[in-house]
Amino acid sequence: MSEPIRTLIADDEPLARRQLRSLLERDPQIALVGEAGSGAEARRAIRELKPELLLLDVRMPQGDGFSVLADLERPPYVIFATAHAEHAVHAFDVAAVDYLLKPFDDERFERSIQRAKDTICARRLMRMAQEIVSRDGASPVEVAGDSQRITVHDGKRVSWVGTDDIDWIEAADYYAQVHAHGHAHLVRESLQKLEERLGRKFMRVHRSALVNVARVQRLDRLEGGELVIVLQSGIRVPVSRARRASVMRELRVR
């Protein structure tokens, strides 16, 4: 990654901000550009500082975390860091990169930051590839039709990931991000098309996420009946309300 990721912390608790700041300062790929202690401060800081990544609490004065994102035309990537488990599905609805439940340990935090870095790096590479295509008139490589592997793009390099090696897949605008071996890979294919091609090995748990059924470790029930799928890698993927019945039915069958 060429340039550090411009990162903003938004949390109304000074101690929480200090903890996050201490963890972020260890990472040379992260550039902390500011902090905010309320929803109003967070909105102002996002517009002025233009961060790529936002670590955001849910409950804050002068507007909660979701209201901070509501009126932004181009919101940054978001990791919610909160003590309130009941908002996990809503966080996934706004395409959050991750949902950290306080208190969390350093290892869980580092996994979350790595996921954000992979996501942002993939987006940067896609923009670079689009610029090359636009400038040189090159044709992008199409996704292979083979249902046993998926073509992924890393700048000018094209490679393939076996479907059995994939943990889960998430939507990324008109593309998708494949998570395998601890890394995120960009795919020039929509989540809907991938779901149709991959078949019953993968299960739709949210409008923005597919999981590899063979990688499911357990199903956690949160407050209010919310469900979260925990993969063997430790990644937690919320299940939308609309998908609860079908997910439970699929897991029982399998």
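The values are calculated or read from the model by the stated rules, or taken from the named source; none is laboratory data. Quantities reported herein were computed from a predicted structural model and do not represent experimental measurements. Virtual Cβ from ideal backbone geometry, glycine too; neighbours counted across all protein chains shown.
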Residue count for segment 53-70, restricted to those that are over 21 Å from Leu32 (Cβ atoms) and touching a residue at least 24 places away in the same chain (Cβ under 8 Å):
7
Exactly one of His181, His206 is in contact (Cβ under 8 Å) with a residue 12 or more places away in the chain and more than 19 Å from Leu251 (Cα to Cα), and that residue is His181
Output for segment 37-76, where each listed residue is exposed (fewer than 14 other Cβ atoms within 10 Å of the Cβ) and of a type in the set (Gly, Ala, Ser):
Ala70
Per the list (1) in contact with a Leu (Cβ under 8 Å, 6 or more places away or on another chain); (2) modelled with pLDDT of 70 or more; (3) not in a helix (DSSP H, G or I), residue check on Ser147 breaks on (2)
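In this structure, is Glu48 over 20 Å from Thr119 (Cα atoms) and out of contact with any Leu (no Cβ under 8 Å at 6 or more places or on another chain)?
Answer is yes for this residue.
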So Leu186 clears everything in (1) within 18 Å of Arg244 (Cβ to Cβ); (2) in contact with a His (Cβ under 6 Å, 6 or more places away or on another chain) except one condition, right? Which one?
(1)
Every residue from segment 1-30 that is under 15 Å from Lys50 (Cβ atoms), in contact with a helix residue (DSSP H, G or I) (Cβ under 9 Å, 6 or more places away or on another chain) and surrounded by fewer than 17 Cβ atoms within 10 Å (Cβ to Cβ):
Glu3
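Determine if segment 77-89 includes at least one residue that is within 20 Å of Gln177 (Cβ to Cβ) and at pLDDT below 85.
yes
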Only one of (1) buried (at least 21 other Cβ atoms within 10 Å of the Cβ); (2) over 21 Å from Arg108 (Cα atoms); (3) not β-branched (Val, Ile, Thr) fails for Gln192. Which number is that?
(1)
Members of segment 209-254 that are farther than 21 Å from Val161 by Cα, surrounded by 15 or more Cβ atoms within 10 Å (Cβ to Cβ), in contact (Cβ under 8 Å) with a residue 40 or more places away in the chain and charged (D, E, K, R):
Glu226, Arg236, Glu250
